1. Assess whether K138 counts as being at pLDDT below 90, closer than 21 Å to F6 by Cβ and open to solvent by 80 Å² or more (accessible area, probe 1.4 Å).
2. Looking only at the range 100-145, which residues are within 18 Å of E79 (Cα to Cα) and of a type in the set (G, A, S)?
3. Quick one: T64 ticks every box in (1) modelled with pLDDT under 85; (2) within 12 Å of the chain's Cα centre (by Cα) bar one, so which box is it?
4. Only residues in the range 130-145 that are on the phi < 0 side of the Ramachandran plot count as the first member; pair them with residues that are among the hydroxyl-bearing types (S, T, Y) and assigned to a loop (DSSP other than H, G, I, E, B), Cβ under 8 angstrom, at least 6 apart or cross-chain, and list the lot.
5. Within the range 55-75, is even one residue within 24 Å of I137 (Cα to Cα) and aliphatic (A, V, I, L, M)?
6. From the list I73, I126, exactly one residue is open to solvent by 30 Å² or more (accessible area, probe 1.4 Å) and part of a strand (DSSP E or B). Which is it?
7. Taking the criterion of being in a loop (DSSP other than H, G, I, E, B), more than 13 Å from F11 (Cβ to Cβ), polar (S, T, N, Q) and open to solvent by less than 30 Å² (accessible area, probe 1.4 Å), would at least one residue in the range 55-65 satisfy it?
8. Restricting attention to the range 76-102, which residues are open to solvent by less than 50 Å² (accessible area, probe 1.4 Å), outside any strand (DSSP E or B) and more than 20 Å from Q2 (Cα to Cα)?
Amino acid sequence: MQILNFESERFKLRTISPKDCSKKYLNWVINEKYIDYGNKNKNKLTIKILKQNILQKKNPYFFTIRDKKNNHIGNIKFEYFNKKKNIFHLGILIGDKNWKYKGVFREIFFTLVPHIYFLEKKPKIICGIHRENLASIKSFKNMGW
C-alpha cells in the first residue's frame, strides 16, 4: 500500500500503519460512544486487533491526524462502501480531548477531499452519523452536508 502524506495549516496526515496503534488510540476507540466497531464488544479490543484490522482492510485512505508537534490526535478514513460504484464511507475520530470542537474535521476534510477526488476520479462520499451525536451533525451541516 502506498503511503500518502498531506499537510493542512495545523495538521499532518499520513496513511495509518500498525505502528500507530497505541494504548492511547485503543482507549479512544473503546471510550468513544458513537463508534460501532464492527458490532464487536469494544471492551474486548486489543492493540493487536487494531493492527490486524489495519492490515486486513488495506484501505488507502485511512490517515492518522497529527498536530504540528507530531502528536496523534485522531484518525480519518474514506473506506470503500461500494468499490464498483466508487462510493466511499467517511469516518472520523478526534480522540484527543484537547482538539475536540476546534474545527479539526473541517480543516482535514477540505485538505483531503480534493486529493481523493483527483486520485479516485470524482468518487461519491457518504457518511453515517449516530442521531444522538449532535456535535457531528452540527459540524456536517455547517459544512454543507
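The values are calculated or read from the model by the stated rules, or taken from the named source; none is laboratory data. These numbers were taken from a predicted model, which means no experiment stands behind them. Every residue, glycine as well, gets a Cβ built from its backbone with ideal geometry; the counts of neighbours run over all protein chains shown. These area figures cover heavy atoms from the full protein model, side chains too; ligands, DNA and RNA do not enter into them. Shrake-Rupley method; radii C 1.70, N 1.55, O 1.52, S 1.80 Å.
1. Values: at pLDDT below 90: yes; closer than 21 Å to F6 by Cβ: no; open to solvent by 80 Å² or more (accessible area, probe 1.4 Å): yes.
So K138 fails the test.
2. Scanning the range 100-145 gives a single hit, G128.
3. Every condition holds for T64 apart from (1).
4. H130/Y34; E132/Y34; N133/Y34; A135/Y101; S136/Y34
5. yes
6. On the way: I73 fails: open to solvent by 30 Å² or more (accessible area, probe 1.4 Å).
It is I126.
7. Checking the range 55-65: at least one residue is in a loop (DSSP other than H, G, I, E, B), more than 13 Å from F11 (Cβ to Cβ), polar (S, T, N, Q) and open to solvent by less than 30 Å² (accessible area, probe 1.4 Å).
8. G95, D96
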